[in-house]
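Report on the following structure.
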Amino acid sequence: MGDSTNINKKAVAQNTYDAIVIGSGISGGWAAKELCEHGLKTLVLERGRDVVHLKDYPTATKNPWDFAHRGELPADITKNNPIVSRCYAFGESTVHFFVKDNEHPYVQEKPFDWIRGYQVGGKSLLWARQTQRWSQYEFEAPARDGFAVDWPIRYGDIAPWYSHVEKFAGISGNKDGIPNLPDGEFLPPWEMNCVEKHVQGKIHANYKDRPVIIGRCAHLTKPAQVHLDQNRQQCQARTLCERGCPFGGYFSSNASTIPWAEKSGNLTLQTDSVVDSVIYDDKKGKATGVRVINAKTKAATEYFAKIIFVNASTMNTNLLLLNSVSNRFPNGFGNDNGLLGKYVCFHNYRGRVSSTIDGFEDEYYYGRRPTGMVIPSFRNVRKQEMDFLRGYMVVYGAGRGRGKVKPGMEEIGADYKDALAEAGGWGVHMSMQGETIPKESNHVRLSKDKKDEWGVPQLVTSIAYDDNDEKIVKDFLAQASEMLDKAGCRNIQPFDSKQAPGLDIHEMGGVRMGKDPKTSLLNKWNQFHNCKNVFVTDGACMTSTGTQNPSLTYMAITARAADYAASELKKGEL
Ligand SMILES: Cc1cc2nc3c(=O)[nH]c(=O)nc-3n(C[C@H](O)[C@H](O)[C@H](O)COP(=O)(O)OP(=O)(O)OC[C@H]3O[C@@H](n4cnc5c(N)ncnc54)[C@H](O)[C@@H]3O)c2cc1C
């Protein structure tokens, strides 16, 4: 850490690049692609192993009966991994892409389910691919409603970059013309089934402020030339996505941005490289590189570059910046105002409502659609009108159960088998994606006494819900129940999972953007206010959470910042 003046100059030359990107997940993949396309020799440092598209998806084409436990995980794995086992996508077919609890411990001062994927591609292999744009209302909200700090950018700054990433990643969706969920560059949308359309019709008839749309998602419903050029093919609607897609039908760094960056000839991808800190050079007054611990040998090496993009994912970005201490920054990188690691926020996923609906028994649906219905936030959108701040997006779907199994039926024999072969009744399920308000008390910091296997201090998470979140859950449960009731649903069952923060896997903040160096860490180009050659463009940079799925915004912010960094570098400004 710190001063690098005493090190071997030959090694310095060998280890020097134009740009370093820390992390190869969703945001790091975009940084790599853009910087390489701009002609910069770019080193991507990834702490995990390589996962090569197609080659390293061992379960992608397996049938249920090919798995030793038919998709379930043995009890010893779930017992030893209680945190990651709570993630719906963790199972026998995906176990190899998730971080195991005991291999990467952290300290939960308050319960926080930290779900991670340490490999090339990061969580881009595992995500649910929902990609709704932010609108002007989310960027204006903190200033308007008086929480967090004002965003230094507005929708107009980011809109062209949304278009840029949507065209390349491939986003399916419908042009719905909704002001608080702007349209993008869409491939054809997925279709609603008959019950979803019925519920949509009833909601439209009863609520003027609640448009229901088919969720926009990163799937190639009809690949364009730019997707074929990436060797990606049409999505087959298998929804086995989290195993890695042999068709490249959904967007992942592995299928898309990383191979594209490689094609430029400018990428060096180095795996098993745990970045423990960013090196700051007091004499030069800027960052000169990063310190890396080899994940296997534990040997430390330094790498140098003119610009550094930190894309290790929200919590790890906070961790490695807090661990980057120097004479200039004794309390963590760029941390003059003491706010690094603070104002961490996330999405509130606690509320769910299930129900059934009679009829529609002669109708069915084909294929496994990888998205659901979305009702954009309808609370406090244009002005403050509830007794809580901000709001929530509603997601719903309808499907038929399996089997006309009568209550009490013996689960064996020909009758049972016949009953199972029939389609069952319809269910309609709603869930929420609630905004949380960034607060100073919701923070992460370094443990003073606990280190991981690589000698890096463990992260302490101190993050909790507050009264605002309780009110949002209550409002969602009441509104969702009412909407289902108006749609003619029965057996309506509201449920508060009370799950810990983190399981939403949308953690954000800690290194927030803002206009004022006294109250934020990053400027409008995602540069540190006080060290312009270090950029943070993953979720850590987020000033507030919005109600939309965040990764599309990370991608757009990253592409925008990388373009700016490359042009500043060419001008000799960095
Ligand atoms: C099951 C699931 C469903 C999800 N669904 C959605 C969704 O529908 N929509 C949505 O918008 N988001 C979704 N997400 C969240 C989404 O995956 C993340 O927002 C996104 O991957 C974050 O991108 P990132 O680049 O910040 O981090 P990641 O994709 O996690 O990549 C970070 C990379 O950095 C590496 N790294 C970490 N620390 C270091 C270090 N010290 N040195 C070197 N490398 C390091 C990691 O190994 C990893 O490869 C979902 C996530 C999961 C797991």
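The values are calculated or read from the model by the stated rules, or taken from the named source; none is laboratory data. Please read all numbers here as calculations on a predicted model, not as lab measurements. A quick note on method: Cβ atoms are made from the backbone with ideal geometry, for glycine too, and the neighbour counts reach across all protein chains shown. Surface areas here come from the heavy atoms of the whole protein model, side chains and all, with no ligands, DNA or RNA. Shrake-Rupley method; radii C 1.70, N 1.55, O 1.52, S 1.80 Å.
Quick notes
- Options Ser431, Ser481: the member that is closer than 20 Å to Val199 by Cα, surrounded by fewer than 20 Cβ atoms within 10 Å (Cβ to Cβ) and not aliphatic (A, V, I, L, M): Ser481
- The range 344-373: number of residues that are open to solvent by 20 Å² or more (accessible area, probe 1.4 Å) and under 18 Å from the mean Cα position of the chain (by Cα): 1
- From Lys404, Lys439, Lys486, residue being over 30 Å from Glu103 (Cβ atoms) and free of Cβ contacts under 8 Å to residues at least 60 places away in the same chain: Lys404
- Top-ranked residue of the range 125-143 - restricted to ones that are within 15 Å of the ligand (Cβ to nearest atom) and aromatic (Phe, Trp, Tyr), ranked as surrounded by the fewest Cβ atoms within 10 Å (Cβ to Cβ): Trp127
- A single entry from Gly122, Gly146 fulfils the requirement of being at positive phi and either in contact with a Lys or Arg (Cβ under 9 Å, 6 or more places away or on another chain) or surrounded by 23 or more Cβ atoms within 10 Å (Cβ to Cβ) (or both): Gly122.
- Output for the range 164-179, where each listed residue is under 27 Å from Ala562 (Cα atoms) and open to solvent by less than 20 Å² (accessible area, probe 1.4 Å): Val165, Glu166, Phe168, Ala169, Gly170, Ile171, Ser172, Gly173
- All helices (runs of 4 or more DSSP H) inside the range 1-107 with 3 or more residues being within 14 Å of the ligand (Cβ to nearest atom) and surrounded by 17 or more Cβ atoms within 10 Å (Cβ to Cβ): 26-37
- Only a single item in (1) open to solvent by less than 30 Å² (accessible area, probe 1.4 Å); (2) in contact with a helix residue (DSSP H, G or I) (Cβ under 6 Å, 6 or more places away or on another chain) is not met by Val405, and it is number (1).
- Set side by side, the residues Asn323, Asn294, Asn316, Asn311 differ, and just one is without any contact (Cβ under 8 Å) to a residue 24 or more places away in the chain and within 13 Å of the ligand (Cβ to nearest atom), which is Asn294.
- The range 528-540, subset under 16 Å from Ser324 (Cβ atoms) and buried (at least 24 other Cβ atoms within 10 Å of the Cβ), residue nearest to the chain's Cα centre (by Cα): Asp538
- Tally of residues being open to solvent by 30 Å² or more (accessible area, probe 1.4 Å) and within 16 Å of the ligand (Cβ to nearest atom) across the range 190-229: 1
Listed here are the residues, each with its yes/no results for (1) within 16 Å of Ile557 (Cβ to Cβ); (2) modelled with pLDDT of 95 or more.
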| site | (1), (2) |
| --- | --- |
| Ser4 | no, no |
| Ala11 | no, no |
| Trp30 | yes, yes |
| Cys36 | no, yes |
| Leu40 | no, yes |
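- Candidate set: the range 545-564, residues that are touching a Lys or Arg at 6+ places or on another chain (Cβ under 8 Å) and part of a loop (DSSP other than H, G, I, E, B); chosen: the one farthest from the ligand (Cβ to nearest atom): Thr547
- Within the range 31-46, residues that are under 23 Å from Asp276 (Cα atoms) and among the β-branched types (Val, Ile, Thr) reach partners that are more than 16 Å from the ligand (Cβ to nearest atom) and in a helix (DSSP H, G or I) with beta carbons closer than 8 Å, at six or more positions or on different chains, in the pairs Thr42/Cys36.
- Residues of the range 341-395 satisfying the condition of being out of contact with any Pro (no Cβ under 6 Å at 6 or more places or on another chain), among the β-branched types (Val, Ile, Thr) and assigned to a strand (DSSP E or B): Val344, Thr356, Ile357, Val374, Ile375, Val394, Val395
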